[in-house]
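The values are calculated or read from the model by the stated rules, or taken from the named source; none is laboratory data. All values derive from a computational prediction rather than experimental measurement. Cβ placement follows ideal geometry from the backbone for every residue including glycine, while neighbour counts extend to all protein chains displayed.
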């Protein structure tokens, strides 16, 4: 498995959008807005690949000079629980450190909180609804 930064608009990026649509959006009856995808060009996008096929992805979005937000974390359903998410998170954390960020924050789906807690993230605040489902804000110092 190779972990790499994905360039906006590239073939890998198109695979990333499809994966996110399949895993995160379509099951909720949601789709991507083209303007939303265009705004992603300023984000750090990462993917896990086997040969030329995407296995998982995530995105880092700058919140401030010290804080970066993890968004759109997704792993192929058939490969969840096989270490791909953990590898993506470690890669994302290293990238964030390399870019000078001190904290990673996220809005984690309720069903993924346990995974992030194992990675050292802590829940901040109460449950809230985002994109129709329960979430928690979580963060981790780098």
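Yes or no: residue 6 touching a residue at least 12 places away in the same chain (Cβ under 8 Å), surrounded by 12 or more Cβ atoms within 10 Å (Cβ to Cβ) and more than 24 Å from residue 99 (Cβ to Cβ)? No: the conditions fail for residue 6.
Return the residues of the range 84-121 that are touching a strand residue (DSSP E or B) at 6+ places or on another chain (Cβ under 7 Å), surrounded by fewer than 17 Cβ atoms within 10 Å (Cβ to Cβ) and without any contact (Cβ under 8 Å) to a residue 24 or more places away in the chain; say none if nothing qualifies. 120 - this is the single residue of the range 84-121 that is touching a strand residue (DSSP E or B) at 6+ places or on another chain (Cβ under 7 Å), surrounded by fewer than 17 Cβ atoms within 10 Å (Cβ to Cβ) and without any contact (Cβ under 8 Å) to a residue 24 or more places away in the chain.
Only residues that are within 16 Å of the chain's Cα centre (by Cα) and either part of a helix (DSSP H, G or I) or closer than 15 Å to residue 10 by Cα (or both): list them for the range 27-47, please. Step through it out loud before you land on a result.
Just the residues of the range 27-47 that are within 16 Å of the chain's Cα centre (by Cα), to begin with: 32, 36-37, 39-47.
Residues satisfying the conditions are 36, 37, 39, 40, 41, 42, 43, 44, 45, 46, 47.
In the range 123-138, the qualifying residues are those that are exposed (fewer than 11 other Cβ atoms within 10 Å of the Cβ) and at positive phi, and the one that is modelled with the highest pLDDT is 125.
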